[in-house]
Amino acid sequence: MAAKITCYLDCVSPYSYFALLHLEKNRQTLESHDVEIDIIPVFLGGINVGSGNKPPWTLPAKAAYSGYDSARAKRHFGVNDVKTPSFFPILSLLPQRALCAIKETHPQLFISAFLDIFEAMWKNGKDVSVPELLAETLRVRFDQDQVKTILASAGSAPTKQRLNDNTKEALERGAFGCPWFWVRNAEGAEEPFFGSDRFHFMWAYLGLPWKDVELQPRVKPKAKI
């Protein structure tokens, strides 16, 4: 059986951004090991409500810790220019629905569009929940008519239902946040993984060759003669 990583992401989550960057960085290597990747847009607000979880910034201890953790993550993933916009958090329904539409009608541009939306919000401070700013972001990949079609589709009942179904699927697979992964290995066994810092566990579960973090011994300076 083919191995597969199913990844549930929302643009409102910076850790979803980090996860997508890392998966794309390793896509060719994963595909060389016959591991399929499927990126699925979900509504994180719905996952929080459905799972009973609370966003980190609503809990003082988590909020205090997240400042340290996010700084470490930005350094690790090489995106030090990521910053929390003044309008955070957003209601991410519109961009997530637009991504559902793009995945269906322009699958070859889906990942690029997702990264564009992440970058617009987390690097350039654009509120992609505002239709005009989302349209401006989408015009990086699509012409004016295509953008109008995507936004119209994002407001349609079928696309709204698609995002609802994606979110429900993630919840049924145990999701309580994003990024959420559902991973099937070559033997057909399946397990969930959470967060952008669990890839080493994922690679081990998939039976892939990988290098662990290795602590180097201290090298003492040579004594001067």
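Against the condition open to solvent by 40 Å² or more (accessible area, probe 1.4 Å), outside any helix (DSSP H, G or I) and not aromatic (Phe, Trp, Tyr), how does Lys103 come out, does it pass? Working first, answer last.
Details: open to solvent by 40 Å² or more (accessible area, probe 1.4 Å): yes; outside any helix (DSSP H, G or I): no; not aromatic (Phe, Trp, Tyr): yes.
The answer is no for Lys103.
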Cβ-Cβ under 6 Å pairs, at least 6 apart or on other chains, the range 22-48 side closer than 17 Å to Trp182 by Cα, far side of a type in the set (Lys, Arg) and assigned to a strand (DSSP E or B): Glu36/Lys4
Being in a helix (DSSP H, G or I) and acidic (Asp, Glu) is the filter; apply it to the range 1-47 and report the residue that is most open to solvent (accessible area, probe 1.4 Å). Glu31
Subset of the range 110-135, residues more than 13 Å from Val147 (Cα to Cα), open to solvent by 10 Å² or more (accessible area, probe 1.4 Å), out of contact with any strand residue (DSSP E or B) (no Cβ under 9 Å at 6 or more places or on another chain) and in a helix (DSSP H, G or I), comes to Ser112, Leu115, Asp116, Glu119
Restricting to the range 74-100, name every residue that is open to solvent by 40 Å² or more (accessible area, probe 1.4 Å), more than 19 Å from Ala19 (Cα to Cα) and small (Gly, Ala, Ser). Ser86
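With the structure loaded, tell me whether Ser16 is under 27 Å from Val130 (Cβ atoms), at pLDDT 95 or above and of a type in the set (S, T, N, Q) or whether it fails that test. Break it down stepwise before answering.
Working: under 27 Å from Val130 (Cβ atoms): yes; at pLDDT 95 or above: yes; of a type in the set (S, T, N, Q): yes.
In short, yes.
Kindly check whether there is at least one residue in the range 214-223 that is of a type in the set (Val, Ile, Thr) and in contact with a helix residue (DSSP H, G or I) (Cβ under 9 Å, 6 or more places away or on another chain). Steps first, please.
First, the residues of the range 214-223 that are of a type in the set (Val, Ile, Thr): 219.
With the extra rule that they be in contact with a helix residue (DSSP H, G or I) (Cβ under 9 Å, 6 or more places away or on another chain), the set shrinks to none.
Scanning the range 214-223 turns up no residue that is of a type in the set (Val, Ile, Thr) and in contact with a helix residue (DSSP H, G or I) (Cβ under 9 Å, 6 or more places away or on another chain).
Residue by residue, here is whether (1) modelled with pLDDT under 95; (2) over 29 Å from Gly78 (Cα atoms) holds:
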{"position": "Gly125", "(1), (2)": "no, no"}
{"position": "Ser129", "(1), (2)": "no, no"}
{"position": "Thr137", "(1), (2)": "no, no"}
{"position": "Asp145", "(1), (2)": "no, yes"}
{"position": "Gln161", "(1), (2)": "no, yes"}
{"position": "Ala186", "(1), (2)": "no, yes"}
{"position": "Asp212", "(1), (2)": "yes, no"}
Can you say whether Trp180 is touching a His at 6+ places or on another chain (Cβ under 7 Å) and more than 23 Å from Val130 (Cβ to Cβ), as far as the supplied structure shows? no
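Could you say which residue among Thr105, Thr84 is among the β-branched types (Val, Ile, Thr), over 12 Å from Leu138 (Cα atoms) and modelled with pLDDT of 95 or more? Lay out the reasoning, then the answer.
Working: Thr84 fails: modelled with pLDDT of 95 or more.
It is Thr105.
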Pairs under 7 Å by beta carbon, first residue within 13 Å of Ile40 (Cα to Cα) in the range 172-188, partner in a loop (DSSP other than H, G, I, E, B) and open to solvent by 50 Å² or more (accessible area, probe 1.4 Å), six or more apart or different chains? Trp182/Arg173
Which numbered condition in (1) of a type in the set (A, V, I, L, M); (2) modelled with pLDDT of 95 or more; (3) in contact with a helix residue (DSSP H, G or I) (Cβ under 7 Å, 6 or more places away or on another chain) is the only one that Ala63 fails? (2)
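The values are calculated or read from the model by the stated rules, or taken from the named source; none is laboratory data. Model, not experiment: these values are computed from the prediction. No Cβ is skipped: glycine too gets one built from the backbone with ideal geometry, and neighbour counts run over all protein chains shown. All accessible areas refer to the heavy atoms of the entire protein, side chains included, with ligands and DNA or RNA removed. Shrake-Rupley method; radii C 1.70, N 1.55, O 1.52, S 1.80 Å.
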